[in-house]
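**Q** Sharing a structure with you now.
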Amino acid sequence: MILIFDIGGTKMRLAVSKNSKTILRSKIVGTPESFKDGITLFKETAKELSKGEKIDKCVGCIAGLLDKKGEKIINSPNKKEWSGKPLKNSLEKAIGVPVKILNDTVAAGLGEAVFGKGKRFNIVAYLTVSTGVGGARIAYKNIGKGLIGFEPGHQIIAPEGLFCGCRGKGHLEAYISGTAFQNRYGRDAENIKDPKIWNEAAQNLAVGLNNVIVFWTPDVIILGGSMMLGKSHISIPLVKDYLKKMETIFPKIPPIIKASLGDETGLYGALAYLKANRLSEKTRADLHS
């Protein structure tokens with residue numbers, strides 16, 4: 001039995017799988033403010049989902065920047081009491097097996113690259129535009145060893161521009177995220193209908209994607225998050241129009257498409273990590289046989 005999880009700022013998703021390919025059962029619970037309460041709830045939910053069967057492996061993801069060993073969150077944007085706590089060790093004690101923890105956006109990108117819209121491509125750039133802006137580069141269905149995460153939302157698109165939530169100036173996130181819309185216009189993005197505002201957001205996202213292309217050279221760009229998939233959202237056709245005018249180095253821009261796995265993308269990323277790791281172990285065994 002494999003346990004997979006996605007710990008977000010407001011919700012925790014846990015699921016079990018028998019084959020590393022499909023989800024057998026899943027459950028969503030609220031993420032407690034208290035780290036101790038969170039570990040207790042995680043343990044109880046895992047026990048409920050496993051139905052008495054032994055858990056052999058556990059992989060999952062969490063929102064926030066992880067340390068280089070993947071053992072704790074350096075900075076949790078939504079759950080301050082979780083920052084600096086021994087997450088990996090606590091989860092391992094709770095369920096009794098080794099636990100692998102990924103950054104949530106890296107897991108989402110890996111999920112899309114293996115199970116979603118990116119499975120036909122070798123190099124996938126995944127960006128989520130939601131409360132904040134995150135992203136990941138997935139090469140050949142795998143992530144780099146020791147990777148703690150990417151931060152494309154904190155690229156500078158206007159050196160003397162707006163302040164970002166991280167206190168930096170002119171970051172992409174300060175212009176196109178849900179938080180940015182709330183700060184600038186005093187309303188949630190879904191309640192903003194002014195085409196000029198959405199046009200500006202498309203132009204700013206195009207600037208960010210131009211930088212993604214020249215640094216990451218992706219075969220495809222996949223966009224997820226509420227600012228791309230919600231009722232009111234940034235127009236991908238409009239982003240493409242701006243990007244075509246900006247991108248002058250490569251002969252054409254890569255396909256830009258919407259993410260497909262929805263709220264379970266992090267869980268599928270955990271399964272994809274197990275799949276890639278199993279292939280790596282087989283390759284090493286073949287080399288030494």
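What follows draws every value from the coordinates through simple rules; no lab data is involved. What you see is a predicted model, and the numbers here were worked out from it, not measured in a lab. Don't worry about glycine lacking a Cβ; one is built from the backbone with ideal geometry, like all the others, and counts go over all protein chains shown.
**Q** Suppose each label sits 7 Å from its Cα in the direction of the beta carbon; what would the K43-K11 distance come out to in nanometres?
**A** Each label point is offset 7 Å from its Cα along the Cβ direction, giving 2.6 nm.
**Q** Something else now. How about the range 50-115: which trypsin sites (Lys or Arg not before Pro) there are in a DSSP loop, with at most 11 other Cβ atoms within 10 Å of their Cβ?
**A** Of the trypsin sites (Lys or Arg not before Pro), the ones in loops of the range 50-115 whose Cβ has at most 11 other Cβ atoms within 10 Å are K51, K54, K68, K69.
**Q** Quick one: if you stick a label point 7 Å off each Cα along the C-beta vector at R184 and L162, how many nm between them?
**A** Once both label points are built, they end up 0.4 nm from each other.
**Q** Next question, about the same structure. Would you work out the relative contact order for the range 89-191, in percent, from Cα pairs under 8 angstrom that are 6 or more residues apart?
**A** 19
**Q** For the chain, build the charge dipole from Cβ charges (+1 Lys, Arg; -1 Asp, Glu) around the Cα centre, then report which of L243, I253, G38 sits farthest towards its positive end.
**A** The residue sitting farthest along the positive end of the dipole is G38.
**Q** Let me ask another. Quick one: work out Rg over Rh on the C-alpha atoms of the chain, Rh as Kirkwood radius.
**A** Ratio of gyration radius to Kirkwood radius for the chain: 0.98.
**Q** How compact and how long is the range 26-146, expressed as Rg and Dmax of its alpha-carbon atoms in Å?
**A** Reported Rg and Dmax, both Å: 15.3, 42.
**Q** Please arrange F250, F5 by counting, for each residue, the other beta carbons lying within 10 Å of its beta carbon, fewest first.
**A** Arranged by neighbour count, lowest to highest, F250, F5 become F250, F5.
**Q** Name the residues whose placed amide hydrogens come within less than 5 Å of the amide hydrogen of K258, ignoring near sequence neighbours (fewer than 5 apart) on the same chain.
**A** Residues meeting the criterion, in which the H sits 1.01 Å from N, are L223.
**Q** Evaluate the distance, in nm, between pseudo-label points positioned 7 Å from the Cα of K119 and of K193 along their respective Cα→Cβ axes.
**A** Once both label points are built, they end up 4.0 nm from each other.
**Q** Compute the projected area of the convex hull of the Cα atoms of the range 101-200, averaged over all viewing directions, and report it in nm² to one decimal place.
**A** 7.7
**Q** So what is the 222 nm mean residue ellipticity for the chain from helices alone, if each DSSP H run of at least 4 adds -39500 (n - 2.57) and you divide by all residues, rounding to the nearest 500 deg cm²/dmol?
**A** -12000 deg cm²/dmol
**Q** Summing Lys, Arg as +1 and Asp, Glu as -1, what charge do residues with Cβ under 11 Å from the Cβ of V99 carry, V99 excluded?
**A** Result for the neighbourhood of V99: +2.
**Q** Could you tell me the calculated FRET efficiency between I236 and K93, based on Cβ-Cβ distance and R0 = 30 angstrom, to the nearest 0.05?
**A** Efficiency at R0 = 30 Å is approximately 0.10.
**Q** While we're looking at this one, here's another question. Measuring from centroid to centroid over Cα atoms, what is the spacing of the range 189-252 and the range 1-22 in Å?
**A** 30
**Q** From zero up to wherever the largest Cα-Cα distance of the range 154-289 sits, split into 5 Å bins and tell me the percent of pairs in each.
**A** Each 5 Å bin holds this share of Cα pairs: 2, 9, 15, 17, 18, 14, 10, 6, 4, 3, 2, 1, 0.
**Q** Return a whole-number percent for the relative contact order of the chain, with Cα pairs under 8 Å and 6 or more residues apart as the contact set.
**A** Reported as a whole number, the value is 19 percent.
**Q** Could you give the length gained by full extension between A139 and M246, i.e. 0.36 nm per residue of separation minus their alpha carbon distance, to one decimal place?
**A** Length difference between fully extended and current span is 36.0 nm.
**Q** Another one. When H171, H154 are ordered from fewest to most other Cβ atoms inside 10 Å of their Cβ, what list results?
**A** If I rank by nearby Cβ atoms, fewest first, I get H154, H171.
**Q** For the residues V133, V220, what sequence is obtained by ranking on other C-beta atoms within 10 Å, fewest first?
**A** Least crowded to most crowded, the residues run V220, V133.
**Q** Sticking with this structure for a sec: Just need the relative contact order of the range 117-260 here, percent rounded to a whole number, with Cα pairs under 8 Å and 6+ apart.
**A** 28
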